[in-house]
Every structure is written in C-alpha cells, then in structure tokens.
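The values are calculated or read from the model by the stated rules, or taken from the named source; none is laboratory data. Note that the structure is predicted; figures quoted are calculated from it, not measured. No Cβ is skipped: glycine too gets one built from the backbone with ideal geometry, and neighbour counts run over all protein chains shown.
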Number of protein chains: 2
Amino acid sequence: MYFEEYKVGDKFRSSGVTFTESGIIDFAIKYDPQPFHIDVEEAAKSQYKGLIASGFQTLALAFRMYIQEGFIKQGMGSPGMDELRWLKPVRPGDTLHIESEVLGTKASSSRNDRGYVDIFCSWVNQRDEVVMTVRLTQIIRRRPPK
Amino acid sequence: MYFEEYKVGDKFRSSGVTFTESGIIDFAIKYDPQPFHIDVEEAAKSQYKGLIASGFQTLALAFRMYIQEGFIKQGMGSPGMDELRWLKPVRPGDTLHIESEVLGTKASSSRNDRGYVDIFCSWVNQRDEVVMTVRLTQIIRRRPPK
C-alpha cells in the first residue's frame, strides 16, 4: 500500500495475537521489570490482582501485526504519537486485535517521495473491550512514477 | 520514592545503555520487523543509511533504567503518554541516557493511597543530541501512614 491508497475513514482490523504468561514476563524482565509485570505473587497482591502485560509490549505488538499483514508495507518511519491511553489491563490468555482508522493524509511539501498518514489505533480484546488507544503518524512512501 | 518526594522541577538522569546491532535486530524481528530495523543491507539503502533501533525499543528501555535505578520504585502503572516524538535515529553503538523532569504532581482525589506525577522524558545520546521525548503520567504510591 502506497500513500495514495490510504483514504480518510478507511478501517483495518488485524489478526489476533494471544498474550501468554511467559511472553509477558520475558518482555518485562528486560524492558519494564515492575513487580506486576514479572512476579505473579506480587502481582496478585497489587491493585491489578494478577500479572498484566507491560503497556510497551502491547504497543509494540501492533506494529508486528501491521507489518506482518502489509498495512504499512511502504512505511518510512514515524515522527511520533499522541494521546496514548492504557485503558484496561492485558492479562495472560487475552487475545488482542488492532483496529485502525485513517484520520487524515497529507503529502509531504518538501519531499515528493512520501506522505503522512494519521491513524487512530485501538487494541480490542476477546470481550470487545478497548484496552489501549493512540493516535500515530506514519510516513508512507508515495507510488513511484512509472 | 513515594509520591510526596516528587517535586516540580526535580531532575533525574539515568545511567547509560548502549544499543547493539544484535539487540536492535532481536527486538525488531519480534515487535517491529521493518527492513530498516532488521536488515542491514536494506537499511543501508533506506533514507536512514543504516540500521536504526525501533522507536518502541528506545521507549521501553527508559522504563528499564527507571526501575533499575529506583526512580519509580513505588510506581502503580500509568494512564498514558502524550507528545511522543522520535527526533533522531538510534544506531548500533549509540549510548542513551534518560533525562527526566517532574512537570507536575497531583494527589488522587478518589483514592488516598496514590498520586499522579507528570514527567517530561528526553533520551540523550553520547553526542548530547536529544533523540526522543515524551510526556508521561505515572501513578505513584503515597507514603503509608505510620
């Protein structure tokens, strides 16, 4: 998908991915070793009443699904994200889908090989609860001239 | 550090962490497998002129450093982040420090065991270039009554 193919209002739903206890602990022991992400005993005593995934793991898995499924195949990086919200915990056994909607598109005024696509992303679990949202801007390659 | 110990204007600088080629590829192959994060040949041909770290890896490593160094030892999670900006690429061999400043603090009005701390985080490399910034809100436990 080149820049020209993204239209405001377009929606995309990824395949699902199931979070596991070992996947949650493996990520968090390296990147986010807070007790409620790595220690099932402490997590049970915490306000979360059990182990929950690092929000950074939840975030990053969206990109894995996007790239695996070709949603940002012509991606050239990102300048940033806004309004990231962690709304509900993600627990072992939860299966998340990423739902995305194109909010806006803008061709680059300085470089004719790319454009910017603003995307609203929601992470939805198997109970149709939205667990996380963010607005992100993705740089996408324009279709090369023939 | 309990909630009461965070004061507006307080600054914190973490120890450094060096990004390696294998660390960058290991993270990205799982979470962000774009060519410029996992394939040195394609990365060399890209606009980045070489392999760069996933911005999600850069983000998550801040938390590793925070927790390792006790900056958010009494952390109870986070409702979200705003204005995340990836400003410069992070490459193998780059060493990043996290510099943080407390922007604001607010005791929870509904739960007397916690408060909210707003933190501005900058990731700074060995050339003193700011490569990433974000504003994040952290929930911090209040000091228990004696």
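Observations on the model:
- Test set (1) within 9 Å of chain A (Cβ to nearest Cβ); (2) more than 18 Å from B:VAL8 (Cα to Cα); (3) in contact (Cβ under 8 Å) with a residue 12 or more places away in the chain - B:ALA60 fails condition number: (3)
- Taken as a whole, the condition of being within 13 Å of chain B (Cβ to nearest Cβ), touching a residue at least 12 places away in the same chain (Cβ under 8 Å) and buried (at least 20 other Cβ atoms within 10 Å of the Cβ) applies to A:ILE72.
- Options A:TYR66, A:TYR6; residue that is within 30 Å of B:LYS45 (Cβ to Cβ), within 13 Å of chain B (Cβ to nearest Cβ) and crowded, with 19+ Cβ neighbours inside 10 Å: A:TYR66
- Of all residues in the range B:25-49 being of a type outside the set (Phe, Trp, Tyr) and under 20 Å from the mean Cα position of the chain (by Cα), the one that is surrounded by the fewest Cβ atoms within 10 Å (Cβ to Cβ): B:ASP26
- Pair list, Cβ < 8 Å and 6+ apart or interchain, from the range A:24-52 residues that are facing chain B (nearest Cβ under 8 Å) and touching a residue at least 40 places away in the same chain (Cβ under 8 Å) to residues that are aromatic (Phe, Trp, Tyr) and not in a loop (DSSP other than H, G, I, E, B): A:TYR48/A:PHE36
- Candidates in the range B:76-116 are the residues that are among the aliphatic types (A, V, I, L, M), free of Cβ contacts under 8 Å to residues at least 60 places away in the same chain and crowded, with 17+ Cβ neighbours inside 10 Å; of these, the one that is farthest from A:SER54 (Cα to Cα) is B:LEU84.
- Flag for A:ILE52 being in a loop (DSSP other than H, G, I, E, B), closer than 19 Å to B:LEU59 by Cβ and more than 14 Å from the chain's Cα centre (by Cα): yes
- Considering the conditions (1) at pLDDT 95 or above; (2) under 19 Å from A:TYR2 (Cα atoms), A:ARG91 is excluded by exactly one of them, (2).
- Answer residue from the range A:123-144, given it is closer than 22 Å to A:GLY77 by Cβ and either of a type in the set (Ser, Thr, Tyr) or outside any strand (DSSP E or B) (or both) and is farthest from the chain's Cα centre (by Cα) among those: A:PRO144
- Any hit, the range B:53-66, residues being within 20 Å of B:CYS121 (Cβ to Cβ), of a type in the set (Lys, Arg) and out of contact with any Gly (no Cβ under 7 Å at 6 or more places or on another chain): yes
- Scope the range A:75-97; condition more than 7 Å from chain B (Cβ to nearest Cβ) and within 20 Å of B:VAL131 (Cα to Cα); matching residues: A:GLY77
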